[in-house]
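The structure appears right after this line, and notes come after that.
The values are calculated or read from the model by the stated rules, or taken from the named source; none is laboratory data. In this text, all values refer to a predicted model and were calculated from it rather than measured experimentally. Here the Cβ is made from the backbone with ideal geometry for all residues, glycine too, and neighbour counts use every protein chain on show. Heads up: the accessible areas ignore ligands, DNA and RNA and are worked out on the full protein's heavy atoms, side chains in. Shrake-Rupley method; radii C 1.70, N 1.55, O 1.52, S 1.80 Å.
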Amino acid sequence: MEDLSVPRREELQPDSSPVVGISVCDSAPLIWRVQDLKVVRSGGLVGALLGSLPRTPRQNGRLGRPLLLLPEEERLLREGPGAAVLPRPGGERGAELKRRFEEEQTSSQEEQSVLALQDRKAALLRAMTSSLTEEAQQDRLGALDQNFVFPRSALAVQLSTARAGLHYCPEARSFLEAEQPIKTQPSPSSRFQVFRDLRGRGFFLTSAGKFGGDFLVYPGDPLRFHAHFIAVCVESDRPVGVLDLLAVARLGSNVKKTVLLCSPVADGDVRYTSLQWSGMV
Amino acid sequence: MDSAFWVPCMPIKLFIYYLKCSNTSEHKELFIFHGCMGAMTRRRSAAAAGSNMADLNKAAREDFYNEVLSPSELFAARSRSRKIPVRGQKDFFPDDSDEQRQRLQQSLDEHWSLISEERVERLGNLVKGVWMPRRRLVELQSPAGKFWQTMGFSADGRQYLLPEEALYLMECGSVQIFHEDLPISIQDGYEMFLSADAVTLQQFQVFGHLKRLGYVVHRFDPSAEPSPYARQLNLPLSRGRAGRALKRRRSSSPTQTCSSEHAQEEDMEEEQVSSERQPAPAEENDPGTSAGEGRSWWTSEQHVDPKQTHSSAPSRWDFSGIAFPDLGSGEGLVAPPDPALLPGGLSVGVCDVASWRQKVNLRRVRESAREQRREELQSRRMQEWSREVQRCRNWVEYQELLERRGAEHQGRPAHLWSGEVTPLHDPAQPVTTAELLEKIRVIKPSHLLDGASRLSGSDPWRISFNVYQPDSAADFKKSKPGRPYARMCVCSFHGPVPDLRVIKQLASQSGDVPVVFAVVDYGDISFYTFKDFQLPQDVHP
């Protein structure tokens, strides 16, 4: 049933977003870089985070990068603004890189050592009250300068999440795609049609396996809103058993969501039927 | 013309340089040129600040995707907060209010700040590991930390980590893994360690989920499990198993039990018949001694007239007219019989039976009413019996009659027991309630592991992990992990539901540990398990 308050599906505007780099792992499309994640989110695609959160890795409430895309989301990205598979590092790792890495480590250690000394001096100054004379303070600071040692084990090191050193030209995007076809799961076209239509109407969609449906439909960003619908994709020409309908309607009513039966029809349009459990009138 | 402007970004002190290019195509895309190590390019970009616009653009473009922290940032990371902001209540419906937009923006900012935070650790706290692609293992090059209690293994005096363990520890910030002398990122780890033929992404998701909850997760090795046969030999038979075996012996071979029953019945028949045969002659004696009834059916002629059996000619005497002498009444003298009845040339005098009479108990027995009735019934029964015996024309029929009588006496009427369809149970036999229930049961109970040992494994369904309880992590021993809490089989929502065959095969492979199916749905994991269940019986054997 058409909701006239929501605008009809429009053509996806090519907005000013950059090409998103997708990395394929075990035939699943993953997104690693923060900028890519932002672009994807601004395009209305939510995805699912898989990794540990760096700040608190031992909990499952909030997860971190990478972001796993649904096959429909990935297809939409590729058709829309643009996404390309990032090339794997080839023979780039060589002596050159090793040299650079070591240089970088030593310079980082120097800088951090300087910063650590400054930090210690500031702490010492704070600890020393004005009870001591100016000379004594200077002596203390001098001693610190002499004896301060910044060991290698105190060096703060970054464990990168995303791989650094990526470069590619969007002009060569088509070339890249040809070279590395995305070997991800193909999505059945009926699901993709429903996804594209609902996305075009401004809804946010995530997967709904736990709810017995195909997609969970949010009216706005899932961070702020609860889902309203459970979308179940049904072929328009195939009969549906009443027991299946009952089962799905029961599920929906238990979690206080409306079940949306979606059937794509031939001309690219999608027909919606909503099921809501209400009492006898 | 190019236009450029500075856009201040998040808490990480990065400036992004947003470039709009109008000369390439309608699609506005960002060109990215990135060097290898971000720190180097930063310095280059700082140095190039004074030069022309193009260089600045290029540097800025490089910085756009730069997620590498500068040393000052690394140093400042020591004083980061370790807390996660609490998520507030969600709204129900989006109205275009400023308040909602503001809250959304706040949530998003929080989200991005958490997501984009990079892991920074002290080098002294990190364990160094090296990835070995051929063996698909990570070798540790500095001593392992606390995680060694539950993860990893040693071989040839060296410490190794499995790829999924190494990846999880990388995400926790405990190890730093090198490949070809350069540290790898987590993205590299995912791409190198996880593949469809080793540990798949879904399996790693389940592994990570369980590890983050605190469980100890090890790979499952089917060859390390004792086979069902070995288990049967080593473990003492549980009562249930013995009970099941006993039941099988009873019910599975009906021919055996039937024949044994038959044998039993025959034995009992024989006993009863033989015991009957004894009272029968005794009963036959009784009429002889009871007062003068003159039974004329004394065909066996055993006691009184043995000589008459010697006569070869068929007797044409009228037996109804020949009366038996009354030994009980009278003076004790028995008159000699009619000489015509005696074989020729025999003369018998008067017989003195006084001594015999003393042995006969002629005292009238004072019987109670019950005993009188019993005597009456018995005599009636004897009359019936005699009538039936009279109907027999030869010994064969007499024997059949005895058999029939024996059977009926036991409560086995012929019309029930001699046909094809016999009753389920003989009421005279002792039986427990459980056995009776077993006899009338239509649906036979089956157990999950019936016939499971014959099944061979099918490829997509296999047990991936052993999961041990988290509270025993303190005294967990890798060499003797003990019995796992559950075994995991990883599958996807988009695949088929496991059928009975798969469940049986996995359950038999797992032994007495329950098998849990971890179903992965793009980031959500649900756990399902199937339990073997017996319908309760209100019968205790």
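Quick one: would you say residue B:376 is of a type outside the set (Ser, Thr, Tyr), out of contact with any strand residue (DSSP E or B) (no Cβ under 6 Å at 6 or more places or on another chain) and more than 30 Å from residue B:425 (Cα to Cα)? So residue B:376 passes the test. Of all the numbered requirements in (1) out of contact with any strand residue (DSSP E or B) (no Cβ under 6 Å at 6 or more places or on another chain); (2) open to solvent by 70 Å² or more (accessible area, probe 1.4 Å), residue A:236 misses one, and that requirement is (1). Strands (runs of 3 or more DSSP E) fully within the stretch B:438-541 that include at least 3 residues being surrounded by fewer than 19 Cβ atoms within 10 Å (Cβ to Cβ) and hydrophobic (A, V, I, L, M, F, W, C): none found. Within this structure, residue B:84 passes the test of being within 10 Å of chain A (Cβ to nearest Cβ), surrounded by 13 or more Cβ atoms within 10 Å (Cβ to Cβ) and either of a type in the set (D, E, K, R) or in a loop (DSSP other than H, G, I, E, B) (or both). Out of curiosity, is residue B:79 within 7 Å of another protein chain (Cβ to nearest Cβ) and small (Gly, Ala, Ser)? In short, no. Being over 26 Å from residue A:97 (Cα atoms), hydroxyl-bearing (Ser, Thr, Tyr) and open to solvent by less than 10 Å² (accessible area, probe 1.4 Å) holds for only one residue in B:160, B:190, and it is B:160. May I ask you to list the residues in the stretch A:43-66 that are on the phi < 0 side of the Ramachandran plot, surrounded by fewer than 24 Cβ atoms within 10 Å (Cβ to Cβ) and more than 7 Å from every other protein chain (Cβ to nearest Cβ)? Across the stretch A:43-66, the qualifying residues are A:43, A:46, A:61, A:63.
Yes/no matrix, rows are residues, columns are (1) closer than 30 Å to residue B:408 by Cα; (2) in contact (Cβ under 8 Å) with a residue 12 or more places away in the chain:
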{"site": "B:355", "(1), (2)": "no, no"}
{"site": "B:370", "(1), (2)": "yes, no"}
{"site": "B:385", "(1), (2)": "yes, yes"}
{"site": "B:389", "(1), (2)": "yes, yes"}
{"site": "B:394", "(1), (2)": "yes, no"}
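Looking at A:69, A:86, just one residue is touching a helix residue (DSSP H, G or I) at 6+ places or on another chain (Cβ under 8 Å) and crowded, with 22+ Cβ neighbours inside 10 Å, and that residue is A:69.
Selection of strands (runs of 3 or more DSSP E) fully inside the stretch B:105-218 by the criterion of at least 1 residues being more than 7 Å from chain A (Cβ to nearest Cβ) returns B:127-132, B:137-140, B:153-155, B:158-161, B:175-179. If you filter the stretch A:122-140 down to residues that are open to solvent by less than 60 Å² (accessible area, probe 1.4 Å) and under 48 Å from the mean Cα position of the chain (by Cα), you find that the one that is farthest from residue B:66 (Cα to Cα) is A:124. One residue stands out among those in the stretch A:210-233 that are at the interface with chain B (Cβ under 10 Å from one of its Cβ atoms) and in a strand (DSSP E or B): the one that is most open to solvent (accessible area, probe 1.4 Å), which is A:218.
Scan the stretch B:103-121 and report the pairs whose first residue is within 15 Å of residue A:63 (Cβ to Cβ) and whose second residue is of a type in the set (Gly, Ala, Ser), with Cβ atoms within less than 7 Å and a gap of 6+ or a chain change. From residues that are within 15 Å of residue A:63 (Cβ to Cβ), the pairs are B:115/A:64; B:119/B:173. Within the stretch A:141-165, the set of residues being assigned to a loop (DSSP other than H, G, I, E, B), more than 7 Å from every other protein chain (Cβ to nearest Cβ) and surrounded by 12 or more Cβ atoms within 10 Å (Cβ to Cβ) comprises A:148, A:150.
Residue A:246 satisfies every condition listed in (1) aliphatic (A, V, I, L, M); (2) away from every other protein chain (no Cβ under 13 Å); (3) in contact (Cβ under 8 Å) with a residue 40 or more places away in the chain except (3). Please indicate, with yes or no, whether at least one residue in the stretch B:228-251 is modelled with pLDDT of 85 or more and of a type in the set (Phe, Trp, Tyr). Scanning the stretch B:228-251, I find no residue that is modelled with pLDDT of 85 or more and of a type in the set (Phe, Trp, Tyr), so the answer is no.
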